[in-house]
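The structure under discussion appears below in the form of structure tokens.
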Amino acid sequence: MKKSIFIILLATMSFFGYSQDWFGFNRYQADNQRIISSGNYPDVVFMGNSITDNWAYFHPDFFSRNNYCGRGIGGQTSAQMLVRFKADVIDLHPKAVVIMAGTNDVAHNDFWVSPEKVVENIVAMCDIARANGIVPIISSIPPSNVFFWSEEIVGAGKTIVVINNKLKAYADANDIVYVDYHTALTDKDLGFQKALSKDGCHPDPDTYFIMEDIVLEAIRAVLKK
């Protein structure tokens, strides 16, 4: 099995390896402590699931040269990210946080939740960030109309669009930057463009270059640099 496919599978299914740590606190605990002890805090933390986790794995230079920090955990839902938000974001004192959540909610990784609840969880993360002087940046959920680990899910592409529309409306109403990956990556059927994703859900390694161009513009606007 090719390395990239193996990493995608491992990252996506790693959720099931956290049966004793549903929140995912253990994943970054040691590295968080290292950062806190050093006092060398990141400018931006990327909070997310396997898509963010893979991003930091495949493009470590993007994170290191920009003083960014990846905090993605494969398989996690927005509720799990909300619970670990203090440990993996607030305690690292970044200037901004890029939040990308919702894929695994749509895939029913932790039972079904409504689009409204996904939005509420992301809004809660934004509220916590702002209360601690951290600028939130909301990312769209990347496109997907099929999940290889939950093939019974139907209509995922439309559900993702519904959530993204609600997230953009919230961001626009609350002076929060919204990063739209979805438009650049989707096909006419609301799935991931086949040339950009082998499994229809996770970006291929080179696809992250597209996403980086999009998010860098947002971060520079927020940090004014």
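The values are calculated or read from the model by the stated rules, or taken from the named source; none is laboratory data. Being a predicted model, the structure only gives us computed values, none of them experimental. Heads up, the Cβs are rebuilt from the backbone with ideal geometry, glycines too, and the neighbour counts pull from every protein chain shown.
A compact table of results
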quantity: Matching option when the condition is in contact with a strand residue (DSSP E or B) (Cβ under 6 Å, 6 or more places away or on another chain) and either touching a residue at least 12 places away in the same chain (Cβ under 8 Å) or not aromatic (Phe, Trp, Tyr) (or both), among 179, 161; calculated: 179
quantity: Helices (runs of 4 or more DSSP H) within region 39-89 that include 3 or more residues more than 21 Å from residue 120 (Cβ to Cβ); calculated: 50-58, 60-66
quantity: Residues located in region 151-179, provided they are farther than 18 Å from residue 117 by Cβ and modelled with pLDDT under 95; calculated: 151, 152, 154
quantity: Residues that are part of a helix (DSSP H, G or I) and touching a strand residue (DSSP E or B) at 6+ places or on another chain (Cβ under 8 Å), drawn from region 113-137; calculated: 122, 125, 126, 129, 130
quantity: Extreme residue, surrounded by the fewest Cβ atoms within 10 Å (Cβ to Cβ), among residues of region 112-121 that are at pLDDT 95 or above and within 18 Å of residue 22 (Cα to Cα); calculated: 121
quantity: Flag if residue 129 is of a type in the set (A, V, I, L, M) and surrounded by fewer than 16 Cβ atoms within 10 Å (Cβ to Cβ); calculated: no
quantity: Positions within region 143-199 being within 16 Å of residue 109 (Cβ to Cβ) and of a type outside the set (Val, Ile, Thr), in sequence order; calculated: 144, 147, 148, 149, 150, 151, 152, 156, 199
quantity: Selected residue [under 16 Å from the mean Cα position of the chain (by Cα) and among the β-branched types (Val, Ile, Thr)] from 162, 123, 146; calculated: 123
quantity: Scan of region 90-112 for residues that are over 12 Å from the mean Cα position of the chain (by Cα), in a strand (DSSP E or B) and in contact (Cβ under 8 Å) with a residue 60 or more places away in the chain, ordered by number; calculated: 96, 109
quantity: Answer residue from region 199-224, given it is in a loop (DSSP other than H, G, I, E, B), over 17 Å from residue 57 (Cα atoms) and of a type outside the set (Gly, Ala, Ser) and is modelled with the lowest pLDDT among those; calculated: 224
quantity: Region 97-111, residues that are modelled with pLDDT under 95, hydrophobic (A, V, I, L, M, F, W, C) and either under 17 Å from residue 145 (Cβ atoms) or in contact with a strand residue (DSSP E or B) (Cβ under 8 Å, 6 or more places away or on another chain) (or both); calculated: 107
quantity: Residue list for region 135-169, restricted to those being under 30 Å from residue 93 (Cα atoms) and surrounded by fewer than 21 Cβ atoms within 10 Å (Cβ to Cβ); calculated: 135, 165, 166, 168, 169
